[in-house]
Amino acid sequence: MSLSTDTVIAEPYQFTQGTAPLLISIPHAGTHLTPEVAIGLSDAALPLSDTDWHIPQLYDFARALGASILVGQYSRFVIDLNRPSDDKPLYTTATTGLYPDTLFDGRATFKPGMVPADARRQQYLDQIWQPYHQKIQSELARMKQEFGYALLFDAHSIASVIPRLFDGQLPDLNLGTNSGASCSPALSEILERTCNQQSRFSHVLNGRFKGGYITRAYGQPDLDIHAVQLELAQVNYMEEIEPFAFAPDKAAELQVLLKRLLEAMVRWGEDAYKQGAV
């Protein structure tokens, strides 16, 4: 696998504006590295195994639904876009931080003595993290101004078995709403009902993954902004071992359910807003 190494941080994200009040945030699919990170990564980290592989491709269908799509371009090993800028822990259980010093499996991210300097990491915060979050904020504000409300769907994936993070095999779909605080209860119910209407994929609401910083920071139902995170088990659309190949047949089956979830989310917003309940 070839790695993209950027000497100048010029494009921290890719963004496509849609026509619906739905923003899909994809913070962890990036594989770009800065020189300091590329040189310092441990052998264990070089495959970038903690990447949310192929998520933009998996959700490409959402463009036809009118969704705006925001995709981070840099690896989470440079800076994690789904962690708070002050790096306060989001979970009491094992996790990784704003600048991950360990992989999900507990091995070191960097070679000894090769961690990027604080000044460089401040640059990553200023030139990668901040622009991504400013774009989320501006797009949600635009949607609220145009539609009266905004929907945020934070799209993630992870290997289905990581003993350090969770026991056994992860459910196929892991919906997170910050324990109900990031969206209307009615929206949570509709998403759960949509999952219950099929038996192919297992699912859970607010299990091991309740939503990271993006869901928690921007989900403000009292201000008509509703946020949901979905953590997918990668086994359902790709190979979980290097080179982490996309599996089109598996993905197509999963996309049927993902499309139903996003359609249900958009339809809920339209109906609730018409009724004045958003």
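The values are calculated or read from the model by the stated rules, or taken from the named source; none is laboratory data. Every value quoted in this text rests on a predicted model; they were computed, and no experiment measured them. Here Cβ is always computed from backbone atoms with ideal geometry, including for glycine, and neighbour counts include all displayed protein chains. Each accessible area value is taken on the protein alone, full model and side chains, heavy atoms only, with ligands, DNA and RNA left out. Shrake-Rupley method; radii C 1.70, N 1.55, O 1.52, S 1.80 Å.
Couple of notes before you dig in:
- Filter result for the condition that a residue is over 26 Å from ALA62 (Cα atoms), within 21 Å of the chain's Cα centre (by Cα) and either in a helix (DSSP H, G or I) or not small (Gly, Ala, Ser) (or both), over LEU175, LEU125: LEU125
- The residue that is surrounded by the fewest Cβ atoms within 10 Å (Cβ to Cβ), counting only those in region 226-258 that are of a type in the set (A, V, I, L, M) and within 17 Å of SER179 (Cβ to Cβ), is LEU230.
- Residues satisfying the stated conditions in region 95-118, i.e. open to solvent by 20 Å² or more (accessible area, probe 1.4 Å) and touching a Gly at 6+ places or on another chain (Cβ under 8 Å): LYS111, MET114, VAL115
- Residues that are in a loop (DSSP other than H, G, I, E, B) and either free of Cβ contacts under 8 Å to residues at least 40 places away in the same chain or open to solvent by less than 20 Å² (accessible area, probe 1.4 Å) (or both), drawn from region 211-225: GLY211, GLY212, GLY219
- Selected residue (only one of LEU165, LEU151, LEU170, LEU187 is in a strand (DSSP E or B) and closer than 24 Å to LEU254 by Cα): LEU151
- Of all residues in region 22-46, those satisfying the criterion of being open to solvent by less than 10 Å² (accessible area, probe 1.4 Å) and either among the basic types (Lys, Arg) or more than 15 Å from the chain's Cα centre (by Cα) (or both) are LEU33, THR34, VAL37, GLY40, LEU41, ALA45.
- Among residues of region 268-278, those that are touching a residue at least 12 places away in the same chain (Cβ under 8 Å) and open to solvent by 80 Å² or more (accessible area, probe 1.4 Å), counted: 1
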